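First comes the structure, then the notes that go with it.
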Amino acid sequence: MELSLIVQSLLEGVLNGSVYTLVALGLGLIWGVTELVNFAHGDFLMLSAFVAYFLHYYVGLDPIESIPICFAINFLIGFIVQRFLLNRIIEAHLLAQTFSTFALALIIRNSFYVSLGPDVKSISNPLATMAVDVMGIRLSTAKIIATAIAVSLTIALYLFLQKTYIGTAIRAVSQNRVAAQLMGVNTKQTYCLSTGIAVGLAGVAGALIASYYYIFPEIGPSFTTLAFVAVVLGGIGSIQGAAVGALLVGLLQSIGALLFVPAIKDVVVFLAFIAFLTIRPRGLFGD
Amino acid sequence: MVGLRSLDLKSLRRSIDFYIAVICFGFLVVSPLIYNNFFYINALHTASVLMLAGVAWVIMGGYTGLISFGHAAFFGLGAYTLALTYNWGVLPWLGLVLGGCVAALFAAAVSYPLLRLKGRWFSLATLAMAEALKLYFNNWDFVGGSRGIELFRKEYGLEWIYFASPIYYNYVAYAVLIASLIVLNMIVKSRFGYYTQAIRESEETAMAVGINTFRYKQLAMVVSGFFTGIAGALYTIRFRFIDPFAVMDFAQSLQIIVISVAGGIFTLVGPIIGALIITPIAEYVRAVLGGTYGAKFFGIHMLIYGVILLALVLYSPGGLHDVILKLKEGRKRE
């Protein structure tokens with residue numbers, strides 16, 4: 001096997017992984033603050049990819065330009081879902097908590113199937129076909145831009161959580177709900193804000209993916225699953241862990257596609273995940 | 001830890017469950033004789049396969065508190081085992097049991113890593129497990145890959161479970177279902193059933209009184225996997241053609257979950273009520289509005305499943321079984 005091929009696919013893995021980071025961060029943030037697993041996370045991403053597609057189709061916006069709109073729309077949806085649905089079941093038993101976001105995922109996904117059909121769509125813009133060529137290693141320009149945006153947003157989220165008042169409130173609620181409430185933090189509002197931000201990040205990922213990937217209603221579940229693997233690999237409840245876990249997932253996919261058939265790259269991710277769980281169930285950064 | 005249900009209705013439930021089961025089975029056996037419609041008989045067959053898988057799911061989801069989104073893996077393993085052994089010349093009656101055994105072995109193997117996760121993370125991991133298995137089967141030439149397997153032996157008779165009239169398949173399915181229910185009822189009423197319920201209510205307390213929680217959770221997975229495997233094999237023997245997307249797709253897990261939650265997951269008759277009511281409706285909606293790829297409202301039955309599921313968890317987490325119990329209790333008090 002040629003060295004350049006190996007380097008190429010490892011770099012591809014890092015590029016893919018940095019987009020997964022946005023999805024995994026959201027999943028981890030919602031879990032950390034509300035202790036809910038958002039099964040609909042990948043479907044919010046799919047929804048946003050369709051928003052980007054229609055903005056391109058009707059308005060002529062490039063997916064990169066539609067990122068703020070996608071973030072805003074998904075933020076609103078996340079906020080509303082948390083406010084009117086998830087806040088009701090936050091104290092409920094495991095069954096209701098598990099099935100509510102899961103049912104939400106089904107409703108979102110299949111609404112798209114029913115209204116738009118199962119056809120695969122894609123955006124044909126010049127970015128999708130451009131590539132950067134360095135010493136025989138070709139990388140898609142769209143993916144490099146996506147990585148740059150994903151990395152800067154990850155840093156922005158970190159600074160937001162560390163430096164701002166709302167960020168401090170979110171961290172306080174995730175550490176101890178009751179204590180945060182006693183200190184005067186409006187916990188219900190904090191839940192809504194953090195879910196809004198998390199779903200908004202999935203929206204950004206959706207817009208980024210729209211510029212180089214196929215768009216159809218079924219893309220959600222695989223992103224939910226991969227983000228979940230990333231969160232568990234990194235350690236449940238750790239922001240840095242989710243980012244590192246997502247990069248690992250991207251790398252594992254590349255290695256799987258390189259060593260076996262590309263179609264079973266997710267099987268490799270899952271096998272590595274099982275192996276990892278048996279050795280270290282708390283994840284890399286878990287406590 | 002909040003308990004999942006109050007236990008004061010227990011003695012009432014024990015007697016009422018038996019009558020519910022008798023009424024449901026009476027309906028399953030008699031109604032196809034009166035309304036002899038090919039589509040309806042098929043819908044009842046699908047319902048009875050889902051009942052068996054649902055009852056198996058309830059052993060994990062309801063009795064042990066391990067909510068699985070990956071039962072399609074067990075279902076598919078049972079289906080594939082029967083298809084392969086049938087073509088090799090093994091009698092399908094043995095194939096049914098073998099299908100269950102393969103699924104149970106798989107459950108035992110995956111339980112080691114999966115049970116390291118708790119609650120919702122366990123659920124997500126089962127989902128990932130089933131998806132990975134489906135992708136693997138889709139690329140595995142030994143089992144036909146994405147082309148699937150067809151049962152090629154064409155010998156009519158009960159021995160090979162191959163009939164000219166579809167209604168006989170229904171009676172084979174009912175017989176297997178009743179036999180499995182009797183065994184499962186014994187299992188649930190044994191020490192095992194009480195231990196798993198103790199684990200569901202509070203794992204720490206169960207551990208404190210000396211229950212080996214890992215061992216009993218693993219046993220619940222094995223029992224559940226075994227009977228789901230049999231359900232998958234029953235599906236194969238009727239439709240005689242399978243591919244990974246027909247038997248291992250997430251939609252399969254979903255159907256099992258929805259009928260169980262709709263009927264009530266804390267009792268063995270829950271999935272029976274749920275499947276009897278929901279499956280014919282869903283099949284009808286799918287046939288009339290949904291159809292296959294390219295049809296107008298592709299996915300509408302899944303959308304309906306989602307809406308039913310959300311409404312149930314918000315307003316009646318105990319399912320239809322709880323509604324029946326409340327009606328009965330209300331009448332007694334008057």
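The values are calculated or read from the model by the stated rules, or taken from the named source; none is laboratory data. Computed from a predicted model, the values in this text were never measured in an experiment. Cβ atoms come from the backbone with ideal geometry, glycine included; neighbour counts cover every protein chain shown.
Test B:VAL258 against the criterion of being at pLDDT below 85, of a type outside the set (Gly, Ala, Ser) and either in contact with a Phe, Trp or Tyr (Cβ under 8 Å, 6 or more places away or on another chain) or in a helix (DSSP H, G or I) (or both), and give yes or no. Give the steps one after another, and end with the answer.
Values: at pLDDT below 85: no; of a type outside the set (Gly, Ala, Ser): yes; either in contact with a Phe, Trp or Tyr (Cβ under 8 Å, 6 or more places away or on another chain) or in a helix (DSSP H, G or I) (or both): yes.
Answer is no for this residue.
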Index of the failed condition, B:THR196 passing every other in (1) without any contact (Cβ under 8 Å) to a residue 40 or more places away in the chain; (2) within 20 Å of B:GLY62 (Cα to Cα); (3) of a type in the set (Val, Ile, Thr): (1)
Residue in segment A:229-239 that is touching a His at 6+ places or on another chain (Cβ under 9 Å) and buried (at least 24 other Cβ atoms within 10 Å of the Cβ) present: no
Residue that is farthest from A:ALA207 (Cα to Cα) [pool: residues in segment A:98-122 that are among the polar types (S, T, N, Q) and more than 7 Å from every other protein chain (Cβ to nearest Cβ)]: A:THR101
Residues within segment A:65-94 that are of a type outside the set (A, V, I, L, M, F, W, C), in a helix (DSSP H, G or I) and within 14 Å of chain B (Cβ to nearest Cβ), tallied: 2
Test: residue in segment B:228-239 that is over 12 Å from the mean Cα position of the chain (by Cα), without any contact (Cβ under 8 Å) to a residue 40 or more places away in the chain and closer than 30 Å to B:TRP140 by Cα: yes
Complete set of residues in segment B:139-184 that are in a helix (DSSP H, G or I) and touching an Asp or Glu at 6+ places or on another chain (Cβ under 8 Å): B:SER146, B:ARG147
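Do you know which of the residues in segment B:241-252 that are assigned to a helix (DSSP H, G or I) and within 11 Å of another protein chain (Cβ to nearest Cβ) is nearest to B:PHE74 (Cα to Cα)?
Filtering segment B:241-252 for residues assigned to a helix (DSSP H, G or I) gives B:244-247, B:250-252.
After this cut, where a residue has to be within 11 Å of another protein chain (Cβ to nearest Cβ) as well, the list is B:250-251.
On the way: B:PHE250: 12, B:ALA251: 14 Å.
Looking at residues that are assigned to a helix (DSSP H, G or I) and within 11 Å of another protein chain (Cβ to nearest Cβ), I get B:PHE250.
Just the residues that are charged (D, E, K, R), at negative phi and within 14 Å of another protein chain (Cβ to nearest Cβ), please, taken from segment A:33-64.
Within segment A:33-64, the subset charged (D, E, K, R) is A:35, A:43, A:62.
In the following step, the residues that additionally are at negative phi were identified as A:43, A:62.
Hit for segment A:33-64 is A:ASP43, nothing else.
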All positions within segment B:118-154 that are away from chain A (no Cβ under 11 Å), among the small types (Gly, Ala, Ser) and touching a Phe, Trp or Tyr at 6+ places or on another chain (Cβ under 7 Å): B:GLY148
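Say whether the condition of being of a type in the set (Lys, Arg) and either without any contact (Cβ under 8 Å) to a residue 24 or more places away in the chain or closer than 15 Å to A:LEU271 by Cβ (or both) is met by at least one residue in segment B:122-140.
Our first condition is that a residue be of a type in the set (Lys, Arg); within segment B:122-140, this holds for B:134.
Cutting the leftovers down to either without any contact (Cβ under 8 Å) to a residue 24 or more places away in the chain or closer than 15 Å to A:LEU271 by Cβ (or both) gives us B:134.
For segment B:122-140, residues of a type in the set (Lys, Arg) and either without any contact (Cβ under 8 Å) to a residue 24 or more places away in the chain or closer than 15 Å to A:LEU271 by Cβ (or both): present.
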Residue under evaluation B:VAL261, criteria (1) more than 14 Å from every other protein chain (Cβ to nearest Cβ); (2) under 30 Å from B:VAL29 (Cβ atoms), criterion not met: (1)
Test: residue in segment A:240-256 that is over 15 Å from the mean Cα position of the chain (by Cα), at pLDDT 90 or above and small (Gly, Ala, Ser): yes
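Name the residues in segment B:194-211 that are in contact with a helix residue (DSSP H, G or I) (Cβ under 8 Å, 6 or more places away or on another chain), polar (S, T, N, Q) and within 19 Å of B:ILE265 (Cβ to Cβ), would you?
We begin by selecting, within segment B:194-211, every residue in contact with a helix residue (DSSP H, G or I) (Cβ under 8 Å, 6 or more places away or on another chain); these are B:195-196, B:198-199, B:203, B:205-207, B:209, B:211.
After this cut, where a residue has to be polar (S, T, N, Q) as well, the list is B:196, B:205.
Of everything in segment B:194-211, just one residue is in contact with a helix residue (DSSP H, G or I) (Cβ under 8 Å, 6 or more places away or on another chain), polar (S, T, N, Q) and within 19 Å of B:ILE265 (Cβ to Cβ), namely B:THR196.
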Candidate set from segment A:244-287 (those that are touching a residue at least 60 places away in the same chain (Cβ under 8 Å) and of a type in the set (Val, Ile, Thr)); member that is surrounded by the most Cβ atoms within 10 Å (Cβ to Cβ): A:VAL249
Search result, residues across segment A:196-230 that are in contact with a Leu (Cβ under 7 Å, 6 or more places away or on another chain), hydroxyl-bearing (Ser, Thr, Tyr) and more than 14 Å from chain B (Cβ to nearest Cβ): A:SER211
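Assess whether A:GLY245 counts as being within 14 Å of chain B (Cβ to nearest Cβ), under 19 Å from A:ALA156 (Cα atoms), part of a helix (DSSP H, G or I) and touching a helix residue (DSSP H, G or I) at 6+ places or on another chain (Cβ under 6 Å).
On the way: within 14 Å of chain B (Cβ to nearest Cβ): yes; under 19 Å from A:ALA156 (Cα atoms): yes; part of a helix (DSSP H, G or I): yes; touching a helix residue (DSSP H, G or I) at 6+ places or on another chain (Cβ under 6 Å): yes.
Against the criterion (within 14 Å of chain B (Cβ to nearest Cβ), under 19 Å from A:ALA156 (Cα atoms), part of a helix (DSSP H, G or I) and touching a helix residue (DSSP H, G or I) at 6+ places or on another chain (Cβ under 6 Å)), A:GLY245 qualifies.
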Qualifying residue in segment B:193-205 (condition: within 28 Å of B:TYR40 (Cβ to Cβ), of a type in the set (Ser, Thr, Tyr) and surrounded by 13 or more Cβ atoms within 10 Å (Cβ to Cβ)): no
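Quick check on segment B:319-333. Is at least one of its residues among the small types (Gly, Ala, Ser) and crowded, with 16+ Cβ neighbours inside 10 Å? Spell out how you get there, then give the answer.
Of the residues in segment B:319-333, the ones among the small types (Gly, Ala, Ser) are B:319, B:330.
The next check asks that each one be crowded, with 16+ Cβ neighbours inside 10 Å; those that pass are B:319.
Yes, some residue in segment B:319-333 is among the small types (Gly, Ala, Ser) and crowded, with 16+ Cβ neighbours inside 10 Å.
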